[in-house]
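Participant: Next up is a structure, given as structure tokens.
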Amino acid sequence: MRYSLRQLEVFLATARHENISRAAVDLAMSQSAASGSLKELETQFAVKLFDRVGKRLHLSELGNQLRPRAENLLAQARDFEQALVNQDIAGRLQVGATLTIGNYLAVGMIAQFKRRHPGTDIALSVANTENIARRVASFELDMGLVEGEVNHPDLQAQHWRKDQLVVFTAPDHPLCGSSPLQDETLLTLPWIVREPGSGTRQTFERAMRGILPDLDIAMELQHTEAIKRAVESGLGVGCLSKISLEDAFKRGSLVPLQVAGRDFSRDLYLITHRKKFHGAALGQWMDLCLETTAD
């Protein structure tokens, strides 16, 4: 074999970081060793895997074509090594989750998974749907749990569970306890909502179709807790996942509002790269996700 798994590791780390120095740090190598390994791989096959622009290294057309194969070769090699030593599922999983899922569901799932497979290390990245989808597509994450619809040719989305957004306000708001809100009332309210690119914002805009351009979007915030605090302070009304509001509703610090004629339901999805090799750890994690469905 004219290449080594270490050379593939250097190639992939460089593709992720677009910088040989950061790739070397990631792999606990010296910069010269990482640079030499990458140069040797390109020289052996007389190919150019990266276009060099200043200090940044961008994958060439060939590098982009080979990246999925290299990712899968390494994943299969690690899976094979694990089978050789006959140990429980081990390794490291890079999981991405959108804010609602990451803050209110994923941590408990990770704890449950580690009780079953203590040798596995799971790193959780929390961001909005757009960001998670981009990172799964670039192989930075092994899989993602997302709230929004994802349309990417390289990604496969699997339905996970149902969810529901709820319009809510502070307990002293004059609309508390009123009959379901009609569109005329919705147009008079200041709204505090998630930022564009989030799955929650996507569902909110779909639910408000027809009146969306005329809504008073008073604030756009990236975090559900910030939205909840702003609504508690009387700055407006919000619309978030029921999952993120259950404790606040129980405490009475926030109260739900009924809305007439608007559908706030949505689906949550598991997303993976279509060309991603599913090793034992990823397969078991996906199985756990499918066990963890709404009541």
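The values are calculated or read from the model by the stated rules, or taken from the named source; none is laboratory data. On a predicted model such as this, the values are computed, not experimentally measured, just so you know. No Cβ is skipped: glycine too gets one built from the backbone with ideal geometry, and neighbour counts run over all protein chains shown.
Participant: With the checklist (1) assigned by TED's automatic domain parsing to the domain that holds THR14; (2) on the phi > 0 side of the Ramachandran plot in hand, flag the one item LEU74 doesn't pass.
Facilitator: Of everything listed in (1) assigned by TED's automatic domain parsing to the domain that holds THR14; (2) on the phi > 0 side of the Ramachandran plot, LEU74 misses just condition (2).
Condition check ((1) touching a residue at least 60 places away in the same chain (Cβ under 8 Å); (2) outside any helix (DSSP H, G or I); (3) within 27 Å of the chain's Cα centre (by Cα); (4) over 18 Å from ALA137 (Cα atoms)) across all residues:
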position: VAL10; (1), (2), (3), (4): no, no, yes, yes
position: ALA13; (1), (2), (3), (4): no, no, yes, no
position: HIS58; (1), (2), (3), (4): no, yes, yes, no
position: GLY63; (1), (2), (3), (4): no, no, yes, no
position: GLU71; (1), (2), (3), (4): yes, no, yes, no
position: ARG78; (1), (2), (3), (4): yes, no, yes, yes
position: GLY96; (1), (2), (3), (4): no, yes, yes, no
position: VAL107; (1), (2), (3), (4): no, no, yes, yes
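Participant: Another question about this same structure. Looking at THR293 and the list (1) closer than 23 Å to ASN131 by Cβ; (2) among the hydroxyl-bearing types (Ser, Thr, Tyr); (3) out of contact with any Asp or Glu (no Cβ under 6 Å at 6 or more places or on another chain), which single condition is not satisfied?
Facilitator: Exception for THR293: condition (1).
Participant: I need every pair where a residue in segment 167-193 that is on the phi > 0 side of the Ramachandran plot has its Cβ under 6 Å from the Cβ of a residue that is in a loop (DSSP other than H, G, I, E, B) and surrounded by fewer than 16 Cβ atoms within 10 Å (Cβ to Cβ), sequence separation at least 6 or different chains.
Facilitator: Matching pairs, first to second residue: none at all.
Participant: For segment 35-43, indicate whether the set of residues that are closer than 21 Å to ARG135 by Cα and surrounded by fewer than 18 Cβ atoms within 10 Å (Cβ to Cβ) is non-empty.
Facilitator: Within segment 35-43, the first condition is being closer than 21 Å to ARG135 by Cα, and the residues that meet it are none.
The answer is no; no qualifying residue exists.
Participant: For segment 226-277, enumerate the residues that are in a loop (DSSP other than H, G, I, E, B) and more than 30 Å from LEU141 (Cα to Cα).
Facilitator: We begin by selecting, within segment 226-277, every residue in a loop (DSSP other than H, G, I, E, B); these are 233-236, 252-254, 258, 260-264, 274-277.
The answer is SER233, GLY234, LEU235, GLY236, GLY252, SER253, LEU254, GLN258, ALA260, GLY261, ARG262, ASP263.
Participant: Right, something else. Output the residues belonging to segment 206-225 that are surrounded by 15 or more Cβ atoms within 10 Å (Cβ to Cβ) and either more than 26 Å from the chain's Cα centre (by Cα) or assigned to a loop (DSSP other than H, G, I, E, B) (or both).
Facilitator: MET208, LEU215 - these are the residues of segment 206-225 that are surrounded by 15 or more Cβ atoms within 10 Å (Cβ to Cβ) and either more than 26 Å from the chain's Cα centre (by Cα) or assigned to a loop (DSSP other than H, G, I, E, B) (or both).
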